[in-house]
1. Take the residues of the range 1-41 that are outside any strand (DSSP E or B) and β-branched (Val, Ile, Thr): which is farthest from GLU90 (Cα to Cα)?
2. Which residue is farthest from PRO57 (Cα to Cα), if the candidates are limited to the range 76-114 and must be among the β-branched types (Val, Ile, Thr), touching a residue at least 24 places away in the same chain (Cβ under 8 Å) and surrounded by fewer than 17 Cβ atoms within 10 Å (Cβ to Cβ)?
3. In the set ALA172, ALA157, ALA168, which member is of a type in the set (A, V, I, L, M) and under 23 Å from LEU40 (Cα atoms)?
4. Of the conditions (1) touching a residue at least 40 places away in the same chain (Cβ under 8 Å); (2) buried (at least 17 other Cβ atoms within 10 Å of the Cβ); (3) touching a strand residue (DSSP E or B) at 6+ places or on another chain (Cβ under 8 Å); (4) over 26 Å from ASP27 (Cα atoms), MET174 clears all except one; give me its number.
5. Give the residues of the range 63-114 that are aromatic (Phe, Trp, Tyr), touching a helix residue (DSSP H, G or I) at 6+ places or on another chain (Cβ under 8 Å) and assigned to a loop (DSSP other than H, G, I, E, B), sorted by residue number.
6. Count, please, the residues in the range 115-164 that happen to be touching an Asp or Glu at 6+ places or on another chain (Cβ under 6 Å) and among the acidic types (Asp, Glu).
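Every number here is computed from the coordinates shown, using simple stated rules; none is lab data. Not measured: the values here are computed from a predicted model. Here Cβ is always computed from backbone atoms with ideal geometry, including for glycine, and neighbour counts include all displayed protein chains.
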Amino acid sequence: MAWNAKPHAVEETRWRFPSPPALPEGDLVTIGGDLAPSTLVHAYRRGLFPMEVTGLPSVLGWWSPDPRGILPLDGLRVTRSMRQSARRFEIRVDTCFGRVIRACADPSREDGWITDDFVRAYERLHDLGWAHSVEVFNRGGQLAGGLYGVRIDAAFAGESMFHRERDASKVALMALVDLMRTSGMALLDVQWCTEHLASLGAIPISRADYFARLSEAVGAPAARP
């Protein structure tokens with residue numbers, strides 16, 4: 001189980017985002033821009049991620065939550081049920097990114113926000129080696145769950161996960177944490193510290209603390225086994 005090849009270089013973006021000291025209060029930093037690979041990589045390096053603005057269809061927002069949710073790599077809470085479930089599944093990485101993001105984008109899911117534009121943009125980012133998926137297959141070879149996100153050096157920005165069988169998304173998260181540890185990575189960003197993620201070990205930290213950790217992780221040497 002390993003990441004795919006080293007990411008391709010991207011062009012300079014024509015957009016400029018506020019730097020951390022100048023970020024406004026509130027989670028929404030700015031609106032506009034596009035989902036080009038250069039824009040996305042530029043934004044993630046600065047701790048921002050895109051989502052549409054609720055109530056404003058087709059308005060692209062760039063977010064930096066305060067507090068920010070992270071999952072310490074030594075803090076994942078693994079229950080006996082999760083360990084037992086892990087034995088039933090096979091873990092793969094980057095073998096069916098499109099299927100994973102489309103499952104996460106299922107419009108029947110509550111609070112679904114992943115549009116077709118996002119799917120196409122992140123598939124392109126995956127093709128360039130920046131976006132990754134962790135996939136969980138059952139013994140019948142069917143996709144049971146998974147997650148996707150963006151890797152920037154020693155940081156991974158988790159975007160979304162899904163499950164079709166019990167504990168499958170949790171098993172994907174276990175696999176991601178193991179992969180990050182073996183790859184010498186340092187920061188797992190989960191954006192908002194929801195009740196569900198908190199039950200798995202995620203914690204809220206201040207925006208200032210997050211950016212300090214991000215600055216250490218981005219540009220840090222991390223293995224690519």
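1. Among those that are outside any strand (DSSP E or B) and β-branched (Val, Ile, Thr), it is THR13.
2. VAL78
3. Going through ALA172, ALA157, ALA168 in turn, just one is of a type in the set (A, V, I, L, M) and under 23 Å from LEU40 (Cα atoms): ALA157.
4. Condition (3) is where MET174 drops out.
5. Within the range 63-114, just PHE89 meets the criteria.
6. 0
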